[in-house]
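The values are calculated or read from the model by the stated rules, or taken from the named source; none is laboratory data. These figures come from a predicted structure and were not determined experimentally. All Cβ positions, glycine included, derive from the backbone under ideal geometry; neighbour counts span all protein chains shown.
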Amino acid sequence: MSTKIRWGVIASGGIARRRTIPEGILPARNAELVGVFGRNQNTNAEVAREFGAHAAASLNELLALDLDAVYIASPNHAHLEQTRRAAAAGKHVLCEKPLGLNVAEAKRIVQLCRRAKVHLGTAFMMRFHSQHQAALRLIQAGKLGQPVFARAQLSCWYPPQPGVWRQIPKLAGGGALMDLAGHCLDLLEMFFGPVTAVSCMINHAVHRYRTEDSGAVLARFKNGATATVDTLFCIPDASSKNRLELYGTRGSLLAQDTIGQEDGGEMVAWLEGAKPYHAKQTRTAAGGLVIAPKRVNTFRAEIEAFSQALLDGRDTEESARAGLRSQIILAACYESARQRMEIKVGRV
C-alpha cells in the first residue's frame, strides 16, 4: 500500500502558493505534490517550477493525472463546479472554506462527494494550532468548569482593489463575515459545542466595496454559554491582536495571535477552581499558567490529517459537516443582520 497521498492543487496562486503547498503538502510525511492548475497560466508555470510539479493547462488535464486527492483553493464561487468535476473523476477533495457561496451550494458539495464515494474535507486549519488543541484538552478535562463566555477576533486591513473577488458579492458570497468569521465560529464550536442562535450586525465602516468590511456576532450555545465574534477588513494588521478568550466557572484561557495563519501566538490559563464569594473582588496580575506546547504548522497538520484518513480508509464526515455547519451559521448571521433580530441556527 502507498504511504503517500498524491495531491493536485486547483488554483495554484494565493493561499496555495503562499502557504498550503510549501508549508503543508511538501513537508507532509504522507503527501506528495503531483500537479497544479491555475487560471493564470504564467503563475501556474511559476508555481510548478518552484515546487517541482506538473503544470496542467486545464482542469481536465490535472484531473487526468495519477492523483488521489485535490486541494481546492479557488474563489468561493468556483468551489461547487470544481468539486463536481473532481468527484466525478474519483478524486478526494479538501476544499477551502467556505464550502461554496451559500448553504445550498455547501449541501450540494457534500452530496456530490457522497454520491461519488469520495472523501470531502473543509480546510479549517486553525483547529490544528497546538495552543488551540491544548485549550481543547483543558476544557474537555473540566479545567475551565462550565463554559460561560468566549470571544474570537480575526481582522486585517483589506482596502479596495479593482477586480478582487472577496469584494464582489457574486464571487465571494459575503465580505469580512464570510471570509473571517467562519474560522472563529468553527473554533468556538470546537471548544463550546453547537451554536443555537445568533445576532449579527454588518457594516461598511471604512471601505465602500460591495461586500461588508466589518461584522460582529453575538452567539448563543446549546450549553448556555454566549460568545462574541468580531471580524473586520478595516483595522491595520499589526493593530489587530486576533484575541481568543474562553471563560468558565473555574477560570479562563486568554490568547492573542493564535487565530490566523501563523503557528505562534501567546496563551495563558487562569484556572482558579471553585472559590467562595468575596465582596472586595480582589484581582491579581500574577499566577497565570503559560500554555506553550510545541509549535505545529497548521497547514502541514491539516494535510497530514486528511491524507492519513485516506490512507487508513477512515471517513472525513466530521470535516465535511463542519463546512456545511459553517455555512448554516453564517447564513443565520446574514439573516439576523437583515432582519435586525436574533435568528435560530438550524441543524446540519
**Prompt:** If Asn42 passes every condition in (1) loosely packed, with under 15 Cβ neighbours inside 10 Å; (2) touching a residue at least 24 places away in the same chain (Cβ under 8 Å); (3) not charged (D, E, K, R) but one, which one does it miss?
**Reply:** (2)
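Can you list the strands (runs of 3 or more DSSP E) lying wholly within segment 133-226 that have 3 or more residues being within 16 Å of the chain's Cα centre (by Cα)? Show your work before the answer.
On the way: elements: 147-155, 195-203, 214-221.
Those strands (runs of 3 or more DSSP E) span 147-155.
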**Message:** Please go through segment 294-348 and give me each residue that is polar (S, T, N, Q), part of a loop (DSSP other than H, G, I, E, B) and either farther than 16 Å from Leu120 by Cα or in the same structural domain as Arg220 (by TED's automatic domain parsing) (or both), ordered by number.
**Reply:** Asn297
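If we keep just the residues of segment 114-132 that are among the hydrophobic types (A, V, I, L, M, F, W, C) and outside any strand (DSSP E or B), which is surrounded by the most Cβ atoms within 10 Å (Cβ to Cβ)? Break it down into steps so the answer makes sense when it comes.
Start the filter on segment 114-132 by keeping residues that are among the hydrophobic types (A, V, I, L, M, F, W, C), which leaves 116, 118, 120, 123-126, 128.
Now narrow it down to the ones that are outside any strand (DSSP E or B): 116, 118, 124-126, 128.
Values: Ala116: 19, Val118: 22, Phe124: 20, Met125: 25, Met126: 23, Phe128: 19.
Top of the filtered list is Met125.
I'd like the residue in segment 252-267 that is within 20 Å of Val229 (Cα to Cα) and out of contact with any helix residue (DSSP H, G or I) (no Cβ under 7 Å at 6 or more places or on another chain) and, out of all such residues, is surrounded by the most Cβ atoms within 10 Å (Cβ to Cβ).
Restricting attention to segment 252-267, the residues satisfying the condition of being within 20 Å of Val229 (Cα to Cα) are 252-262, 265-267.
Of the ones still in play, those that are also out of contact with any helix residue (DSSP H, G or I) (no Cβ under 7 Å at 6 or more places or on another chain) are 252, 254, 256-257, 260, 262, 266.
On the way: Ser252: 19, Leu254: 18, Gln256: 17, Asp257: 16, Gly260: 21, Glu262: 14, Glu266: 14.
Ranking the candidates gives Gly260 first.
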**Request:** Among residues belonging to segment 189-213 that are under 18 Å from Arg347 (Cα atoms) and of a type in the set (Gly, Ala, Ser), point out the one that is surrounded by the most Cβ atoms within 10 Å (Cβ to Cβ).
**Result:** Ser199
**Complete:** Selection over segment 80-105 where residues are among the aliphatic types (A, V, I, L, M), in a loop (DSSP other than H, G, I, E, B) and either touching a strand residue (DSSP E or B) at 6+ places or on another chain (Cβ under 9 Å) or without any contact (Cβ under 8 Å) to a residue 24 or more places away in the chain (or both) yields a count of 2
